[in-house]
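These notes are about the structure you will find just below.
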Amino acid sequence: MDIYQHDEDLRQKGFLHIAGIDEAGRGPLAGPVVAAAVVLKEGIKIAGLRDSKKVPEAERISLFSEIQKSSLDIGIGIVGPEDIDRLNILRATRLSMKLAVEDLSRSPDLLIIDAVSLKSISIKQLSPIKGESVSASVAAASIIAKYTRDNIMLGYHLQYPQYNFIKHKGYSTKEHLEMLQIYGPCPIHRKSFCRVMSLELPF
């Protein structure tokens with residue numbers, strides 16, 4: 001199904017203010033999990049809009065700008081590594097999504113959330129699997145969340161350059177694991193993740 005038609009069909013059913021929600025950063029060993037909630041303007045179509053994981057970085061920057069111009073509302077929710085360790089990653093992801101909804105300037109009529117439900121929010125919700133391939137609003141949220149998190153990780157790269165966060169964004173690449181073995185975890189590493197704490201360190 002066309003991702004724009006999916007959202008239009010819901011508008012035809014009376015849900016005029018639809019927020020798509022997605023996150024970036026559930027899997028990495030370091031950094032925050034970031035969620036975005038995006039309410040696209042009715043009738044708008046953004047060329048190339050799709051799941052952020054399928055979009056090259058240069059194109060993602062362009063899409064981020066287009067989504068900003070094509071949206072009625074955008075909310076961002078960020079949960080850092082200390083809270084991820086305290087809550088666990090699933091609860092932290094749900095919290096980031098809740099914060100993103102609360103960051104919107106008005107309450108939506110409907111939430112379309114990628115494969116997650118938010119029991120703490122009373123707004124009607126749909127939770128399609130691979131929602132970024134189903135709904136234009138969720139695809140837009142995936143781009144916003146990914147771009148925002150990448151920028152945060154750029155800041156951490158400047159703070160902790162030895163880990164080269166600018167390249168792997170905290171994911172468990174071979175290079176990142178090698179740097180962890182050399183330097184040990186830094187303050188933004190997720191200590192509750194076994195791939196961080198089970199490494200044999202040189203000290």
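Extension gain, N88 to E57, is 8.3 nm, computed as 0.36 nm per intervening residue step minus the present C-alpha separation. Shown for I46, I182, I144: other C-beta atoms within 10 Å of each C-beta, ranked fewest to most, produce the order I182, I46, I144. Cα centroid separation, the stretch 72-128 to the stretch 1-53: 13 Å. Taking GluC sites (Glu not before Pro) in DSSP loop states with no more than 13 other Cβ atoms inside 10 Å as exposed sites, the chain has its longest site-free stretch at 43-199. Expressed in Å, the radius of gyration and Dmax of the Cα atoms of the stretch 3-195 are 16.8, 57. Give K167/K191; K45/K98; K53/K98; K54/K130; K54/K119 a once-over and call out the pairs whose C-alpha atoms are over 18 Å from each other. Correct reply: K167/K191; K45/K98; K53/K98; K54/K119. For the stretch 3-195, relative contact order (Cα pairs under 8 Å, six or more residues apart, normalised by length) works out to 31 percent. Counting neighbouring Cβ atoms within 10 Å and putting the fewest first, the residues C186, C194 line up as C194, C186.
Read the figures in this text as sums done on the coordinates, not as results from a lab. Since we're looking at a predicted model, the values are computed, not measured. Cβ: placed from backbone, ideal geometry, glycine included. Neighbour counts: every protein chain shown.
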